[in-house]
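Structure first, then comments.
Only the coordinates and a few stated rules stand behind these numbers; no lab work does. Owing to the predicted nature of the structure, the values given are computational and were not obtained by experimental measurement. FYI the Cβ positions are ideal-geometry reconstructions off the backbone, even for glycines, and counts take in every protein chain you see.
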Amino acid sequence: MVAVVTGASDGIGMEMAKILGSLGFDLILAARREKELSQLCYAIAKKFHVSAQAFVCDLSKEEDCRRLHAYCKGRDVRVFINNAGRGVIGPFLETDLDAEMEMLRLNILSTHLLFKLFSGSMENGFILNVASMAAFQETPLMAAYGATKAYLYHLSSSVNYEFRKQGKPVHVATLCPGSVATGFDKAAGVPHPLSGMSASECAEAAIYGMFRGRSVIIPGTKEKLARLAVKLLPREIILPMEYRIQGKKLGIF
Ligand SMILES: NC(=O)c1ccc[n+]([C@@H]2O[C@H](COP(=O)([O-])OP(=O)(O)OC[C@H]3O[C@@H](n4cnc5c(N)ncnc54)[C@H](OP(=O)(O)O)[C@@H]3O)[C@@H](O)[C@H]2O)c1
């Protein structure tokens, strides 16, 4: 049985790969950084006696997404973790347009394409789409990132419902973490990151939640309460709160 993890060279993806290796899955791990991926594959294969292969690719490019899927064809893929993603922070008119376009390609087009290709070719198993708590409400000062995650959250939840109704034995879970201490903030240009849970804690909640058949996974008690608050409070309260949270990360407040 094979598990494929995108964005496995670091952060949450790396921790999810370790857990899947410990559960006996052979692994195909995808990201751009070859050295980090190869070291991880070597460590996992040695520790858990599974096969682990690095697939070096830039998933913001459509051809690399198709190449990854073609590489996995004919293998017994039972788990697909659609995790690679990036953020961009800042006032809408000041964010770098090229970085934002790359984020839209990676977080929307590529995650959509990979989700479609893998769910089409998997006969049964589990897919985990990694969204964010930013999917649940507007995120001024991180507007486009939140919008990309809202797209994935809605797509993933809707398709999971379709598959259940159609009796397709592929379970689609959506992971919606709050702040997690990874390289994500640095890559997104966040000057003052908020403290977050560890990547291993988040990964554990994600993998076991997915195997338990959860459709939406929100790791952490504080985060679950925050989700509830977003459901209950009016947008007039949520929007300024969210502006303040993102503003703190930028050092505005
Ligand atoms: N950290 C948080 O606070 C947080 C909260 C909510 C949701 N999330 C989501 O969780 C997911 C994982 O983020 P993380 O926190 O683990 O961040 P991270 O530590 O920065 O890891 C991101 C991973 O994605 C890979 N990646 C980035 N761009 C890529 C590209 N163009 N092609 C292939 N791989 C690419 C990176 O590998 P390479 O650089 O080697 O390519 C890395 O392995 C993302 O979808 C993120 O939006 C994170």
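So what is the relative contact order for segment 151-198, in percent, with contacts set as C-alpha pairs under 8 Å and at least six apart?
30 percent
Work out how much length LEU233 to MET101 would gain on full extension: take 0.36 nm times their residue separation and subtract the Cα-Cα distance, in nm to one decimal.
Gain in length upon complete extension: 44.3 nm.
Run through every distinct alpha carbon pair of segment 152-253 and return the Kirkwood hydrodynamic radius in angstroms, one decimal place.
Hydrodynamic radius (Kirkwood, Cα only) of segment 152-253 equals 15.5 Å.
If a helix is a whole DSSP H run, which ones in the chain reach 20 Å or further along their own axis (Cα) and hold a mean Kyte-Doolittle hydropathy of at least -1.0? Can you show the working numbers first?
Numbers: long enough: 34-48 (21 Å, -0.22); 143-166 (35 Å, -0.54); 235-250 (22 Å, -0.48).
Those that clear 20 Å and a mean of -1.0 are 34-48, 143-166, 235-250.
For the chain, what is the relative contact order in percent, using Cα pairs closer than 8 Å and at least 6 residues apart in sequence?
Answer for the chain is 18 percent.
Cα-Cα pairs above 12 Å in segment 87-132: how many percent?
When all Cα pairs of segment 87-132 are counted, 67 percent exceed 12 Å.
I want to verify a result. In a Gaussian network model of the chain, Cα cutoff 10 Å, which of these has the top mean-square fluctuation: ALA206, ALA54, ALA229?
Maximum among the listed residues: ALA229.
Need the full-extension length gain, GLU36 to ALA187, defined as separation in residues times 0.36 nm minus the C-alpha distance. One decimal, nm.
Here the segment from GLU36 to ALA187 would lengthen by 52.7 nm.
So which aspartates and glutamates pass the test for LYS165, namely a Cα distance under 20 Å, with those fewer than 8 places away in the same chain ruled out?
Qualifying aspartates and glutamates at Cα under 20 Å: GLU123.
As a footprinting exposure proxy, order LEU141, LEU23, LEU59, LEU113 by other Cβ within 10 Å, with the fewest listed first.
LEU23, LEU113, LEU141, LEU59
Among ILE19, ILE237, ILE81, determine the one that fluctuates most according to a GNM of the chain built with springs between C-alpha atoms less than 10 Å apart.
Highest fluctuation of the listed residues: ILE237.
Determine, from the Cβ-Cβ distance of MET1 and ALA43 and an R0 of 22 Å, the FRET efficiency 1/(1 + (r/R0)^6), rounded to the nearest 0.05.
Values: r = 20 Å, r/R0 = 0.91.
The computed FRET efficiency comes out at 0.65.
What is the set of long-range amide H partners of VAL172 at a cut-off below 5 Å, with H atoms built 1.01 Å from backbone N?
Counting only residues 5 or more places away or on other chains, the set is ILE127.
List, in the order given, every pair from LYS46/LYS73; LYS73/LYS168; LYS149/LYS222 whose Cα-Cα distance in the structure shown is over 22 Å.
LYS46/LYS73
Based solely on its DSSP helices, what 222 nm [θ] is calculated for the chain when runs of n ≥ 4 H residues each add -39,500 (n - 2.57) and the sum is averaged over all residues, nearest 500 deg cm²/dmol?
Mean residue ellipticity at 222 nm (helix-derived): -16000 deg cm²/dmol.
Compute the FRET efficiency between VAL56 and SER121 as 1/(1 + (r/R0)^6), taking r as their Cβ-Cβ distance and R0 = 25 Å, and round to the nearest 0.05.
0.70
Take every Cα pair under 8 Å in segment 51-189 that's 6+ residues apart, average their separations, divide by the length, and report that relative contact order as a whole percent.
Relative CO of segment 51-189 lands at 27 percent.
Show the residues, 5+ positions off or on another chain, whose built amide H is closer than 5 Å to the amide H of PHE55.
Correct list: LEU29, ALA30, ALA31.
What's the exposure ranking of LEU20, LEU250, going from fewest to most Cβ atoms within 10 Å? Write down the numbers at each step before the final one.
Working: LEU20 28, LEU250 16.
Ascending Cβ contact count within 10 Å gives the list LEU250, LEU20.
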